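Heads up: the structure comes next, in structure tokens.
The values are calculated or read from the model by the stated rules, or taken from the named source; none is laboratory data. This is a predicted model, so every value here is computed, not measured. All Cβ positions, even for glycine, are placed from backbone atoms using ideal geometry, and neighbour counts span all protein chains on display.
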């Protein structure tokens, strides 16, 4: 840690940690687990974005002769391997794999197509599977492919070689491919898409926890999304699912208070040639303004929450936030785009222009903010809650809606139980579990996520709940007590 802290740039710290991973797996994970809050932004967002952009240059300094597969630079499968993917898997050094993260590099964070350099993402994700949930690093396989024609053969070979219940996580595929692949394989293998479903679970958790600040129940919110890709629609779908589960309304009714804004403006029923995933949110509605921009929608629809998943920095403007603060005592402002350079606004900006009243969360971490004595925001309207809420002092702790809060625990629960599939109900269970673990001290500071230092405890609890849910839904033959014992038994601990 002394060596890491002496380095002046995040990318130098990233490179140094990859060198450690290649030389001593136990030292790497022991360090990561012991300093998870400090090092997670280095091994994953936001630094992993820069690492992917520079991956081909970094490779010579990070690769080597690893003492285990977790120190390798991942498995590349190209179109030249079509027809012999099983042979490629047979050449990988680990004989047993329980967790695969696979990408084609097409949509790396908010940075676009990074090609082969996108390998940094599955390597980073799997490091968090181990550090956060204890999945054995020797059973983790990062894969980058280059063509869609390979998918069928890769999945077939994985199931044949490693078992039908091997967990496969689709990561950073482009929008059209992501939805299509999830729909195609969700019922035939144990898989999920973290950008669609994992993001949705962690955001839903933050929204559920926010009720303790806003006094507004999930079903009473009005949501406006800036961005209508896989993250935006995935979150919207899980919100609608949760509202249906909690109130008994139909999914169609649950979607009525969820609005999407894409590059062409508000998604409405009058627009033609909409992508299929946007159609359920194409409402018959009009707002004032010629272009249906975000500010037009905020003024016209009067949302209680705005959620940014657009990768368009600065789009939550002063006017947008002040308008939200004029109609909400505690406006929910989630600027979720990664890396930090793509965030719709910063934490300090959201607090400054909401009079410190915003419930803020982001995709990448922001430091705590001490409020100034002056504020340009309008006075707050009356609170809907009968329970008065007061923030503690002038310090606000921004929430980081990091998928690492949920996907490692979901994966651990699925692997331990031998579940045959992963459902939206698993994501809902994970979200409720995460929300329940936010302590009062965090809430009074305005934070809707628990301390990252508790991530191992959080992941284990989520694993237990997800495994139990799968057992109750008939996706696993284990007993609930039995699977809790299995979770404890299989969790990896570095050698001291």
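Computed quantities for the displayed model
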quantity	calculated
Pairs, first outside the structural domain of residue 203 (by TED's automatic domain parsing) in the range 300-322, second surrounded by fewer than 17 Cβ atoms within 10 Å (Cβ to Cβ) and assigned to a loop (DSSP other than H, G, I, E, B), C-beta under 7 Å, six or more apart	none
Residue that is surrounded by the fewest Cβ atoms within 10 Å (Cβ to Cβ), among those in the range 324-340 that are out of contact with any strand residue (DSSP E or B) (no Cβ under 8 Å at 6 or more places or on another chain) and assigned to a loop (DSSP other than H, G, I, E, B)	329
Flag for residue 81 being at pLDDT 95 or above, surrounded by fewer than 22 Cβ atoms within 10 Å (Cβ to Cβ) and in the same structural domain as residue 155 (by TED's automatic domain parsing)	yes
Members of the range 118-137 found to be more than 11 Å from residue 49 (Cβ to Cβ), assigned to a helix (DSSP H, G or I) and in contact with a helix residue (DSSP H, G or I) (Cβ under 6 Å, 6 or more places away or on another chain), listed by number	127, 128, 129, 130, 131, 132, 133, 137
The range 90-111, subset outside any loop (DSSP other than H, G, I, E, B) and modelled with pLDDT of 95 or more, residue farthest from residue 166 (Cα to Cα)	102
Which listed residue, of 227, 232, is on the phi > 0 side of the Ramachandran plot and either out of contact with any helix residue (DSSP H, G or I) (no Cβ under 8 Å at 6 or more places or on another chain) or touching a residue at least 24 places away in the same chain (Cβ under 8 Å) (or both)	227
Residue match in the range 156-171 (condition: within 16 Å of the chain's Cα centre (by Cα) and part of a loop (DSSP other than H, G, I, E, B))	yes
Selection from the range 414-428 of residues that are assigned to a helix (DSSP H, G or I) and either over 17 Å from the mean Cα position of the chain (by Cα) or assigned by TED's automatic domain parsing to the domain that holds residue 135 (or both)	414, 415, 416, 417
Any hit, the range 284-303, residues being out of contact with any strand residue (DSSP E or B) (no Cβ under 9 Å at 6 or more places or on another chain) and either in a strand (DSSP E or B) or buried (at least 23 other Cβ atoms within 10 Å of the Cβ) (or both)	no
Some residue of the range 449-464 being more than 21 Å from residue 131 (Cβ to Cβ) and not assigned by TED's automatic domain parsing to the domain that holds residue 137	no
Helices (runs of 4 or more DSSP H) completely within the range 11-59 that count 1 or more residues being closer than 22 Å to residue 341 by Cα and more than 17 Å from the chain's Cα centre (by Cα)	36-43, 47-53
Residue match in the range 256-275 (condition: within 26 Å of the chain's Cα centre (by Cα), surrounded by fewer than 17 Cβ atoms within 10 Å (Cβ to Cβ) and assigned to a helix (DSSP H, G or I))	yes
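Yes/no matrix, rows are residues, columns are (1) crowded, with 17+ Cβ neighbours inside 10 Å; (2) under 30 Å from residue 38 (Cα atoms); (3) touching a strand residue (DSSP E or B) at 6+ places or on another chain (Cβ under 8 Å):
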{"position": "87", "(1), (2), (3)": "no, no, no"}
{"position": "92", "(1), (2), (3)": "no, no, yes"}
{"position": "120", "(1), (2), (3)": "yes, yes, no"}
{"position": "143", "(1), (2), (3)": "yes, yes, yes"}
{"position": "153", "(1), (2), (3)": "yes, no, no"}
{"position": "157", "(1), (2), (3)": "yes, no, no"}
